[in-house]
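Engineer: Okay, here's the structure, questions in a sec.
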Amino acid sequence: MQDVHDAIIVGGRVAGTATALLLARAGRRVLVLERGRYGSDTLSTHAFMRGGVMQLGRFGLLDALVAAGTPPVRRTVIRYGDTEQVVAVRPSPYVDALYAPRRSLLDRVLADAAIAAGAEVRFATTVTELLHADDGAVVGVRGHDAQGRRFEARAPITIGADGLRSRVAREVGALTYRRGQHATGMVLSYLSGLEVDGYQWLYGSGASAGLIPTNDGLVCAWVGLPADRFRSALRGRPDHGLVDGFAEVAPDWAARVADARRHGPVRGFPGVPGFLRQPWGRGWALVGDASHFKDPLTTHGMTDALRDAELLARAVLEGEGSPARLEAALVDYHATRDRLSLPLFEAADRVAAFDWELGALRELLLDVSAAMRPELDHLAGLEPMSVAQPVAA
Ligand SMILES: Cc1cc2nc3c(=O)[nH]c(=O)nc-3n(C[C@H](O)[C@H](O)[C@H](O)COP(=O)(O)OP(=O)(O)OC[C@H]3O[C@@H](n4cnc5c(N)ncnc54)[C@H](O)[C@@H]3O)c2cc1C
């Protein structure tokens, strides 16, 4: 039997399942192939920015995350050395507060919603190669399930939502035309018994730290360092980095972080400079980290993934009917992605340089904040794609 779909999506986390959800709600036959297990965790500090919360609301998923106990974040505390700035989260349409759901919850809620909308989501399934027509266009994928059973699936468009080290991007030779100069290495862990009101972004000279309230009464505590310092100081001993990082950046938090009960190991991310890739070609498109990656210090990757899931789903639907229409819609997707992403990409790269004086950092973070405005305006100007059905957690 032919395994034929309207769209195949490689990767079933934030970008992949959100794109699948929107296409499936529009009545398209969507196949999502995800190597990981259903509800599995992944490395993250979880913080959504306003645009991401707005997208979760527009997709009808916020209620499920709130019902699952994701704590509302009503203020952001930004500390530059000894100076502290507290910013209240201003309510706006779809955004009563910010949220930082655990990925094991968020990715499950997204997958459940995509499945409820009619998408077929196969977990523990790995795509190993792309199928091509004689003219080179991508026409589908080949892969295997957890038992090693091989399959082929075909669709007019194959979407790579397969993350930073995207196989789809590699196989199609997607051009990387912009690269960041800097990268933040991070260590993070989950702590209980800490009273943390809102997002805490803490900056010292050449290092940063943060505390982000997430599900189950836990706080995600992290320390960020320039990637070369991370490599020389922390590789192989991340435990050391978490407590010492807080001691360096925010001594008043250090003892509390050291004394808090730790849930799970301290995990490390060595840092990867940001990039923008060509996000489409004949028979293929990229979304999420596969398409562009920003330094995680600005905690914007998931927000952008949800934004671009909608931009891409709209382009795929608008482009139906002829290759020329699809090409025009994907050109537009690419241009909009770059217009909305580049200012933040550049600001994130400058923050990740860690060469700022604390006074100048304040200006830089204002640039980061200003760079989010066009994204919010753009999303606010789009009619929600379909009537959002609340999904139970
Ligand atoms: C340390 C760290 C902290 C971060 N903190 C934040 C934060 O606080 N806020 C924020 O917004 N962003 C944060 N980010 C960024 C955020 O995690 C990413 O932007 C987001 O996960 C991108 O989602 P995605 O769906 O594009 O990719 P991913 O989440 O990487 O998912 C890609 C999926 O594709 C699957 N896959 C890959 N290859 C194949 C294959 N061949 N076949 C089948 N499946 C495949 C993988 O199993 C994976 O599940 C952080 C990143 C890091 C590294």
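Please treat every number below as a calculation from the coordinates, not as lab data. For clarity, every value in this text was computed on a predicted model and none was experimentally measured. Cβ coordinates were reconstructed from backbone atoms using ideal geometry, including for glycine residues, and neighbour counts include every protein chain displayed.
Engineer: Once R0 is set to 45 Å, what does the formula 1/(1 + (r/R0)^6) return for the Cβ-Cβ distance between residue 370 and residue 41, expressed as a FRET efficiency to the nearest 0.05? Intermediate results must be reported in sequence, preceding the final value.
Structural biologist: Working: r = 33 Å, r/R0 = 0.74.
With R0 = 45 Å, the Cβ-Cβ based efficiency is 0.85.
Engineer: Only counting other Cβ atoms within 10 Å, I'd like 75, 165 sorted with the fewest neighbours first. Walk me through the numbers on the way to the answer.
Structural biologist: Values: 75 14, 165 11.
Ascending number of Cβ neighbours within 10 Å: 165, 75.
Engineer: Please compute the net charge surrounding residue 69, taking Lys and Arg as +1 and Asp and Glu as -1 over other residues with Cβ under 11 Å from its Cβ. Before the final figure, lay out each step's value.
Structural biologist: Working: positive: 102; negative: 216.
Charge balance near residue 69 sits at 0.
Engineer: Dipole magnitude of the chain about its Cα centre, charges +1 at Lys/Arg Cβ and -1 at Asp/Glu Cβ only, in debye to the nearest 20? It would help to have the intermediate numbers written out before the result.
Structural biologist: Values: 44 positive and 46 negative charges, 134 e Å.
Dipole size: approximately 640 debye.
Engineer: Please name which of 66, 40, 117 has its Cα lying farthest along the dipole of region 1-128 towards the positive end, using unit charges on Cβ (Lys, Arg +1; Asp, Glu -1) and the Cα centre as origin.
Structural biologist: About the Cα centre, the residue reaching furthest to the positive side is 66.
Engineer: How long are the three semi-axes of the equivalent ellipsoid of region 13-91, in whole Å, if each is the root of 5 times an eigenvalue of the C-alpha gyration tensor, listed from largest down? Write out the running numbers ahead of the final one.
Structural biologist: Working: eigenvalues 197, 51, 27 Å².
Semi-axes (√(5λ), whole Å): 31, 16, 12.
Engineer: Quick check: the distance between the Cα centres of region 39-56 and region 59-81, to the nearest angstrom?
Structural biologist: 9 Å
Engineer: Determine, for 331, 32, 109, the number of other Cβ atoms within 10 Å of each Cβ, and report the residues in order from fewest to most.
Structural biologist: Details: 331 13, 32 30, 109 25.
Least to most surrounded, the residues fall as 331, 109, 32.
Engineer: Compute, for region 115-256, the length of the dipole vector about the Cα centre, with Cβ point charges of +1 (Lys, Arg) and -1 (Asp, Glu) only. Units Debye, rounded to 20. Kindly include the intermediate steps, with their values, before the conclusion.
Structural biologist: Working: 15 positive and 16 negative charges, 101 e Å.
Using Cβ point charges on Lys, Arg, Asp and Glu, region 115-256 gives about 480 debye.
Engineer: Between residue 83 and residue 378, what is the label-point separation in nm under the 7 Å Cα-to-beta-carbon projection?
Structural biologist: Placing both labels 7 Å along Cα→Cβ, they lie 3.2 nm apart.
Engineer: Net charge near residue 223: determine it from the other residues with C-beta under 10 Å of the C-beta of residue 223, scoring Lys and Arg +1 and Asp and Glu -1.
Structural biologist: Values: positive: none; negative: 244, 248.
Local charge sum for residue 223: -2.
Engineer: Arrange the following residues from fewest to most other Cβ atoms within 10 Å of their Cβ: 158, 299.
Structural biologist: Numbers: 158 28, 299 23.
Fewest-to-most ranking of 158, 299: 299, 158.
Engineer: Still on this structure: Local charge sum around residue 42 (other residues, Cβ-Cβ under 15 Å, Lys/Arg +1, Asp/Glu -1)?
Structural biologist: Values: positive: 13, 35, 37, 102, 103, 108, 165, 267; negative: 34, 41, 107, 162, 289.
Taking every other residue near residue 42 into account, the sum is +3.
Engineer: Just to confirm my numbers, what's the Cα centroid distance between region 286-323 and region 198-264 in Å?
Structural biologist: Going from one Cα centre to the other spans 30 Å.
Engineer: Still on this model: Helix-only estimate, please: 222 nm mean residue ellipticity of the chain, summing -39500 (n - 2.57) across DSSP H runs of length 4 or more and dividing by its residues, to the nearest 500. Intermediate values should be presented prior to the final figure.
Structural biologist: Values: 11 runs with 146 residues, N = 393.
My calculation for the chain gives -12000 deg cm²/dmol from helical runs alone.
Engineer: Ratio of the chain's C-alpha Rg to 2.2 N^0.38 Å, to two decimals? Working shown, then result.
Structural biologist: Working: Rg = 20.6 Å, N = 393, 2.2 N^0.38 = 21.3 Å.
That ratio works out to 0.97.
Engineer: May I pose another question? Have a look at 193, 140, 224 and tell me which one the Gaussian network model of the chain (Cα, springs below 10 Å) gives the largest fluctuation.
Structural biologist: Ranking 193, 140, 224 by mean-square fluctuation puts 193 first.
Engineer: Just want the answer: with Cβ charges of +1 for Lys and Arg and -1 for Asp and Glu, which residue in 226, 240, 265 is farthest toward the dipole's positive end in region 178-275?
Structural biologist: Farthest along the dipole direction, towards plus: 226.
Engineer: log10 I(q)/I(0), Debye, Cα-only region 184-269, no solvent, q = 0.17, 0.18, 0.19, 0.21 Å⁻¹?
Structural biologist: The computed values of log10 I(q)/I(0) come out as -0.59, -0.67, -0.75, -0.92.
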